[in-house]
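Okay, so here's the structure we're looking at.
Rule-based calculations on the coordinates, nothing more; no lab input. Computed from a predicted structure; not experimentally measured.
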Amino acid sequence: MQDRRRPLGALSILLAAPMLVGGIPAEGDVVATVTNLRSSKGQVLACMTAQPTAFPGCDDDPSARTIIVPAHARVELDFGAVPRGRYAISIVHDENGNGKLDKRLMMPREGYGFSNDAPVRMGPPSFSNAAFDVTESQERLSIRMRYMF
């Protein structure tokens, strides 16, 4: 299993270190289970961001957490401990393993999904529709993979 997380700069690591709030660590673990993959071909690409302007691709967020794992009938994504806050996750079933979401006439040819199973209407959902809160406990999510073709 391949797990890629974007490294944080030294300052970001210091800022992201757990802080105590009333004696409780101010971070929580985020684990997402991906269901409904139509095949075990390729890989699942996932990213989690706290920046609304970086969602859904996470490209503009140097603190985004990314994970790449082989596709299976059911996939578990462990983003690890993250500071308290509001986050959103986007996933892609990259069936041909080329590292991106393939499209046909602007429509996704491969599977995709979002935290909160946020609805897709004329493009990806907004950050606010996919967002969830992380507290000091473990946040477990279920994300359903969807396919158009």
Thr33 long-range amide H proximity, modeled H, under 5 Å: Leu77, Leu141, Ser142, Ile143
Extension gain, Arg144 back to Ser126 (0.36 nm per residue minus Cα-Cα distance, nm): 4.8 nm
Å³ per residue enclosed by the Cα convex hull of the stretch 17-149: 100 Å³
³J(HN,Hα) computed for each position of the stretch 63-78 - Karplus, 6.51 cos²θ - 1.76 cosθ + 1.60, integer Hz, glycine/proline x: 9, 5, 9, 10, 9, 10, 9, x, 6, 9, 4, 9, 10, 10, 10, 10
Shape call, the stretch 101-145: gyration tensor on alpha carbons, a/c limit 1.5: prolate
Length gained when the stretch His72-Lys41 is fully extended (0.36 nm per residue, less Cα-Cα span): 10.4 nm
Value of D in µm² per second that Stokes-Einstein yields for the stretch 52-91, Kirkwood Rh from Cα pairs, at 4 °C (1.567 mPa s): 110 µm²/s
